[in-house]
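The values are calculated or read from the model by the stated rules, or taken from the named source; none is laboratory data. Everything quoted here is computed from the prediction, not taken from an experiment. Cβ atoms come from the backbone with ideal geometry, glycine included; neighbour counts cover every protein chain shown. Each accessible area value is taken on the protein alone, full model and side chains, heavy atoms only, with ligands, DNA and RNA left out. Shrake-Rupley method; radii C 1.70, N 1.55, O 1.52, S 1.80 Å.
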Amino acid sequence: FSDLYNFEVFTAKTTNEAGSRDLTDYDSDSSITTGLTGLRRLGNKLIAYTDSTIYSIDYVGLPHVMNVNPLREGVGNSFHNAVVATKDVHYFISAKNRQFYALSAEGIQPIGMDIAEYFFPAIEVTASRSPSIFGFHDPKFKEIWWVYSTGSFSNSDKWPAYTKAVVYNYETKAWYVA
């Protein structure tokens with residue numbers, strides 16, 4: 001991360017707040033994707049996702065600058081572009097656990113047991129599949145959408161066609177497909 005208010009300085013010194021932190025400490029060998037898969041603000045914290053761990057990042061100033069602590073090990077976001085943030089909740093997909101989750105100040109809750117039985121058999125869960133799942137928030141209808149492709153695509157296809165979607169209405173807690 002860069003020095004505070006100087007976004008061109010990334011080299012840590014005792015006189016600045018630049019630095020780095022490896023967030024793969026808790027990634028397991030069975031991770032589908034490696035490294036960071038999501039980064040969103042939740043309240044006054046920054047939440048970082050890997051495939052197998054969710055981290056809380058707090059600014060603490062010098063000399064440590066940032067405290068990075070695992071919030072939950074064994075659960076994470078498996079797909080880049082799949083963490084969807086509303087004002088108070090993050091929604092994400094764990095391929096490792098074959099589940100959809102909601103993370104709020106109250107903790108992590110599984111939300112998609114029924115839709116998971118439909119969703120996971122339809123996708124190829126690999127690191128190369130990560131770009132073919134994209135999540136977004138529709139605040140007008142209080143919905144979280146994940147669009148995805150079920151067809152195969154070659155390395156020459158930069159982005160496959162999004163042909164299906166699963167939708168979660170967080171007001172009614174109902175799921176549907178589109």
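Measuring only protein heavy atoms, the 1.4 Å probe finds Tyr55 accessible over about 0 Å². Put simply, the amide H of Phe79, placed in the peptide plane, has neighbours under 5 Å in Ile93, leaving out anything fewer than 5 places away on its chain.
Taking the Kirkwood radius as the inverse of the mean 1/r across Cα pairs, report the Rg/Rh of the stretch 56-125.
Working: Rg = 14.6 Å, Rh = 13.7 Å.
Radius of gyration over Kirkwood radius for the stretch 56-125 works out to 1.07.
Between Glu73 and Tyr176, the modelled labels are 4.2 nm apart [label points 7 Å from Cα along Cα→Cβ].
Remark on Leu4: its backbone amide H falls under 5 Å from those of Glu17, Ala18, a criterion applied only to residues 5 or more positions apart or on other chains, H modelled at 1.01 Å from N. Near Arg72, the amide H atoms lying under 5 Å from its own belong to Ile54; only residues 5 or more places off or on other chains count, and H is placed 1.01 Å from N.
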